[in-house]
Each structure stands twice: as structure tokens, then as C-alpha cells.
Amino acid sequence: MSGKLYAIGVGPGASDLITVRGARTLAQLDVLYTPAGKADAQSLAHRIVAEYLSPNTEIRTYHFLMKAEQARKEAVWDRVADAMQREVVLGKQVGFITLGDAMLFSTWVSLLARIGHQPWLEIIPGVTSFAAIAASSAMPLAMENQTLTVLSCTSPESELEQALRTHDCAVLMKVYGRFATIRSLLGRMGLLDHAIMMSDATLPTQQCWYHLDECDRQLELPYFSTILVNKNWNASR
């Protein structure tokens, strides 16, 4: 089979943070599948990779439902997974792009569960948002014998607290909508001086907060907002 499917992590936002392998692969695709959070809208991932695409590449944009019944979500995943496999059978070079890394909190994983680990599949890793945040803020993710946990703030508060007590360092993703709860939790645990928060990392709209105790509890955050915690690092400036 000459066809191939590439799942490509395109990084946190800046187009020059795509890997060399990712950029080279994008340039030779026949078809590119791009996820969109809203119907009839170009995705951020598509905007990131636009400069690397051949003018001959066909674009297929799918609206992946974020807040819908599970059956409706699965129907979209089924449809996209089937469509990509049919294009591979036809001998095409097919790509699917996703923000950050394809194997971390990504829609791609739902497609992978349907496609399986095939000989015609290649997954190209990407720079995670929290790696970019750590670099931009000069805050280590973990040092020496420290342990690191990556959590979604959609988890119950009790689970977040247990993880923060167990580990030296933490990446708290999906802070949007739960900032007041997370800030209070960090305050109770004496971790506010060891935490920073960044939104829209590497994008022109990037914002960073080094003093979470001074932030309004009702602060309205962009969707892409993440907190880093390192118990052995004073994050305040």
C-alpha cells in the first residue's frame, strides 16, 4: 500500500515551533484533515500550518463536537476515521493535524482507537503547550528527583488536591472556567508562590501571571490557559 496517514502535532501556536519532520510532511500531503471547534470556521491548527502546505493539498475541515452527547461525538470520530482510511487505501498521503502533541489530551487519540496501530500510520510528535510555557516563563517543569504530574482541571477538586500533595511539580491544564477553584486550592496548600499561569502560549495574545494571589477570582481566561507548579521554585517576580 502506497498510501499513508500522518498524525501531526503542530505545537502550541507559533508556526515556527512545528518540528522539521512535521513541516516536511505537511508539504507533501495530498489531503489534510483539520479539526475545528466551531462549524464553518478555520481551526487554529490550520492557521499554524498554512505556510507549510502545498497549494495542491486538499483540505477537509471537520467540526469536532466538544460539548455534545457522547453518541454524537462518536459519530463524528467514526466518520473521520473511516474517511481517512479510505483515502489511504486510494494511495494518498493523508495528514491529520492537532494542537500540541497528538498523544496528549487530543481528539486524535479517539481516532487512533478506531484506526489502530497500522503499518501505514506515522505519528509525529509536537511541542506541548506546557513545554512552551515553561520555556517562556523560565520555570522548570521538574528538576533532579522531582516528580511531575499532568492534570486536567476538569477533574474533581479532591483528585487535584491529592495529586498536588503527591507530586513535586504539576501541569494544570484546562484551567478555563475553574480558575477560582484552582486558585483557592493552591492558596490552601501554600503553593501560590510556586505557580505561574499562562494563556495563549506563543501566540500574539499570550498573557502570563506570576502572582496568582493578586488575580481577580472571577478572572475571565482564554480557553487555552494552563498553570505550572514547582514546589522547589519560587515563581513570583
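The values are calculated or read from the model by the stated rules, or taken from the named source; none is laboratory data. Computed from a predicted model, the values in this text were never measured in an experiment. FYI the Cβ positions are ideal-geometry reconstructions off the backbone, even for glycines, and counts take in every protein chain you see. Note: accessible area is taken over every heavy atom of the protein model, side chains too, but ligands, DNA and RNA are not part of it. Shrake-Rupley method; radii C 1.70, N 1.55, O 1.52, S 1.80 Å.
Pick from the stretch 226-237 the residues that are assigned to a loop (DSSP other than H, G, I, E, B) and not basic (Lys, Arg): which of them is surrounded by the fewest Cβ atoms within 10 Å (Cβ to Cβ)?
Asn234
Identify the residue in the stretch 211-225 that is part of a loop (DSSP other than H, G, I, E, B) and of a type in the set (D, E, K, R) and, among all such residues, is nearest to Met173 (Cα to Cα).
In the first step, residues of the stretch 211-225 are kept if they are part of a loop (DSSP other than H, G, I, E, B); the result is 211, 215-224.
Okay, now just the ones that are also of a type in the set (D, E, K, R), so 216-217, 220.
Details: Asp216: 19, Arg217: 17, Glu220: 15 Å.
Only one residue tops the list, namely Glu220.
Taking Glu144 as the residue in question, decide whether it is of a type in the set (D, E, K, R) and at pLDDT 95 or above.
Considered against the rule, which asks whether it is of a type in the set (D, E, K, R) and at pLDDT 95 or above, Glu144 comes out as no.
Considering only the stretch 21-46, how many residues are within 21 Å of Val80 (Cα to Cα), at pLDDT 95 or above and charged (D, E, K, R)?
The number of residues fulfilling the criteria is 1.
Residue-by-condition table, conditions (1) buried (at least 17 other Cβ atoms within 10 Å of the Cβ); (2) assigned to a helix (DSSP H, G or I); (3) over 15 Å from the mean Cα position of the chain (by Cα); (4) hydrophobic (A, V, I, L, M, F, W, C):
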{"site": "Leu111", "(1), (2), (3), (4)": "yes, yes, yes, yes"}
{"site": "Arg114", "(1), (2), (3), (4)": "no, yes, yes, no"}
{"site": "Ser155", "(1), (2), (3), (4)": "no, no, yes, no"}
{"site": "Glu161", "(1), (2), (3), (4)": "no, yes, yes, no"}
{"site": "Val175", "(1), (2), (3), (4)": "yes, no, no, yes"}
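Exactly one of these conditions fails for Val88: (1) at pLDDT below 95; (2) buried (at least 19 other Cβ atoms within 10 Å of the Cβ); (3) over 26 Å from Gln206 (Cα atoms). Give me its number.
For Val88, the failing item is (1).
Collect the residues in the stretch 142-153 that are open to solvent by 60 Å² or more (accessible area, probe 1.4 Å) and touching a residue at least 24 places away in the same chain (Cβ under 8 Å), keeping them in residue-number order. Step through it out loud before you land on a result.
Within the stretch 142-153, the first condition is being open to solvent by 60 Å² or more (accessible area, probe 1.4 Å), and the residues that meet it are 144-145, 148.
Those that are open to solvent by 60 Å² or more (accessible area, probe 1.4 Å) and touching a residue at least 24 places away in the same chain (Cβ under 8 Å): none in the stretch 142-153.
Name the residue that is most open to solvent (accessible area, probe 1.4 Å), counting only residues in the stretch 179-225 that are without any contact (Cβ under 8 Å) to a residue 24 or more places away in the chain and under 23 Å from the mean Cα position of the chain (by Cα).
So, considering only residues that are without any contact (Cβ under 8 Å) to a residue 24 or more places away in the chain and under 23 Å from the mean Cα position of the chain (by Cα), the one most open to solvent (accessible area, probe 1.4 Å) is Glu220.
Of the numbered conditions (1) surrounded by fewer than 13 Cβ atoms within 10 Å (Cβ to Cβ); (2) modelled with pLDDT of 90 or more, Ala83 fails exactly one; give the number of that condition.
(1) is the only condition that Ala83 fails.
List every residue pair whose Cβ atoms sit under 8 Å apart, with the two residues 6 or more apart in sequence or on different chains, where the first one lies in the stretch 60-76 and is under 15 Å from Trp108 (Cβ atoms) and in a strand (DSSP E or B) and the second, anywhere, is among the basic types (Lys, Arg) and at pLDDT 85 or above.
Pairs found: Tyr62/Arg79.
Of all residues in the stretch 124-135, count the ones that are open to solvent by 60 Å² or more (accessible area, probe 1.4 Å) and in contact (Cβ under 8 Å) with a residue 12 or more places away in the chain.
Step one: list which residues in the stretch 124-135 are open to solvent by 60 Å² or more (accessible area, probe 1.4 Å), which gives 125, 135.
So of that shortlist, the ones also in contact (Cβ under 8 Å) with a residue 12 or more places away in the chain come out as 125.
Count: 1.
Does the stretch 183-198 contain any residue that is touching a Phe, Trp or Tyr at 6+ places or on another chain (Cβ under 9 Å), modelled with pLDDT of 95 or more, closer than 25 Å to Gln146 by Cα and part of a loop (DSSP other than H, G, I, E, B)?
no
On the basis of being in contact with a strand residue (DSSP E or B) (Cβ under 8 Å, 6 or more places away or on another chain), open to solvent by 50 Å² or more (accessible area, probe 1.4 Å) and assigned to a loop (DSSP other than H, G, I, E, B), does Met139 make the cut?
Details: in contact with a strand residue (DSSP E or B) (Cβ under 8 Å, 6 or more places away or on another chain): yes; open to solvent by 50 Å² or more (accessible area, probe 1.4 Å): no; assigned to a loop (DSSP other than H, G, I, E, B): yes.
Against the criterion (in contact with a strand residue (DSSP E or B) (Cβ under 8 Å, 6 or more places away or on another chain), open to solvent by 50 Å² or more (accessible area, probe 1.4 Å) and assigned to a loop (DSSP other than H, G, I, E, B)), Met139 does not qualify.
Which of the residues that make up the stretch 1-15 are outside any loop (DSSP other than H, G, I, E, B) and on the phi > 0 side of the Ramachandran plot?
Looking only at the stretch 1-15, we keep the residues that are outside any loop (DSSP other than H, G, I, E, B), and these are 4-9, 11, 15.
Passing the criteria: only Gly11.
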